[in-house]
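A.B. asks: Let me begin by handing over the structure; questions about it come next.
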Amino acid sequence: MRVALYYAPALSDPLWRAGCAWLGRDPETAATLRQPDLPDIHAVTADARLYGFHCTLKPPMRLSTNYHAFVDDAAALARGLAPFAMPRLHVADLSGFLAVREAEPCPALNALADVCVAGVDHHRALPNAAELARRRQGSLSAAREANLVRWGYPGVFDEWRFHMTLTRRLTEPEHAVFLPATQSHLAPALPYPRRVEEICVFTQAGPGAAFTIAERLPMRG
């Protein structure tokens, strides 16, 4: 089993419904959803669908403690954090794959991710050799290697980027099809004003299993 802390839009947010429909799965209910009618969309979104529509705050990890202790600490962390306004969002290319990203910097988002990474890290089991090797595929910068060794994941703190993944890495012909398609699909939902008011606990029952939402923890600071 692995656990993670993610940002996911509120259930009432149109972006939640649109994002889940794009990926073809609702991690809140585990329901399979009909995707837009595009060639190969099921394959193009397969990896993102496994994780669910989200932005990573504390990356997936095995526990060295137990689930109830982890949730208790995560809930206490959330209670101490103040809700804040989400910046304007848009669909953008990020290293070849498409994602929902913030249109302008938001220090509060970065601070939230930093707190989540450090705040529950004492529950994280140390990565095994296979996990480290997988994270090191390709070359890591010195900063990302240091993050991997200390925090179990390269893309944290200064290396973290807000993104809600929509596709795998695309070829140029795929990009020409999927960029306008994602923009069109999400356009009605993106301008909707939203606030970050909760942290979500996602769980994965075992290797290859789909992540589901186990808890939505309110921020009350």
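A.B. asks: Any residue that is among the hydroxyl-bearing types (Ser, Thr, Tyr) and at pLDDT below 95 - is there at least one of those in the stretch 199-209?
C.D. replies: No, every residue in the stretch 199-209 fails to be among the hydroxyl-bearing types (Ser, Thr, Tyr) and at pLDDT below 95.
A.B. asks: For the stretch 108-132: of the residues being of a type in the set (D, E, K, R) and at pLDDT 95 or above, which is farthest from Arg161 (Cα to Cα)?
C.D. replies: Arg124
A.B. asks: Right, something else. Every residue in the stretch 154-163 that is surrounded by 13 or more Cβ atoms within 10 Å (Cβ to Cβ) and within 21 Å of Cys106 (Cβ to Cβ), please.
C.D. replies: Gly155, Val156, Phe157, Glu159, Trp160, Arg161, Phe162, His163, listed by residue number.
A.B. asks: Contact list please: Cβ distance under 6 Å, first residue in the stretch 83-94 and surrounded by fewer than 17 Cβ atoms within 10 Å (Cβ to Cβ) and at pLDDT below 95, second residue of a type in the set (Phe, Trp, Tyr) and assigned to a strand (DSSP E or B), pairs at least six apart or on different chains.
C.D. replies: none
A.B. asks: Among the residues of the stretch 165-190, how many are over 22 Å from Gly96 (Cβ atoms) and surrounded by 13 or more Cβ atoms within 10 Å (Cβ to Cβ)?
C.D. replies: 1
A.B. asks: Test each condition in (1) free of Cβ contacts under 8 Å to residues at least 24 places away in the same chain; (2) surrounded by 13 or more Cβ atoms within 10 Å (Cβ to Cβ) for Asp37 and report the one that comes out false.
C.D. replies: All conditions are met except number (2).
Residue-by-condition table, conditions (1) in a loop (DSSP other than H, G, I, E, B); (2) touching a Phe, Trp or Tyr at 6+ places or on another chain (Cβ under 6 Å); (3) of a type in the set (A, V, I, L, M, F, W, C):
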| site | (1), (2), (3) |
| --- | --- |
| Ala146 | no, no, yes |
| Val149 | no, no, yes |
| Pro180 | no, no, no |
| Gln183 | no, no, no |
| Phe202 | no, yes, yes |
| Gly208 | yes, no, no |
| Gly221 | yes, no, no |
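A.B. asks: Which ranges mark the helices (runs of 4 or more DSSP H) fully within the stretch 1-87 that have 2 or more residues being more than 13 Å from the chain's Cα centre (by Cα) and under 21 Å from Glu198 (Cβ atoms)?
C.D. replies: The helices (runs of 4 or more DSSP H) meeting that bar are 14-23, 67-79.
A.B. asks: Also: Please pick out the residue among Asn147, Asn128 that is free of Cβ contacts under 8 Å to residues at least 40 places away in the same chain and within 25 Å of Glu102 (Cβ to Cβ). Give the derivation first.
C.D. replies: Details: Asn128 fails: within 25 Å of Glu102 (Cβ to Cβ).
Answer to the check: Asn147.
A.B. asks: May I pose another question? Given the residues Asp13, Asp72, which is the only one that is acidic (Asp, Glu) and within 16 Å of Val201 (Cα to Cα)?
C.D. replies: Asp72
The values are calculated or read from the model by the stated rules, or taken from the named source; none is laboratory data. Bear in mind that the values here come from a model prediction, so they are computed numbers and not experimental data. Here the Cβ is made from the backbone with ideal geometry for all residues, glycine too, and neighbour counts use every protein chain on show.
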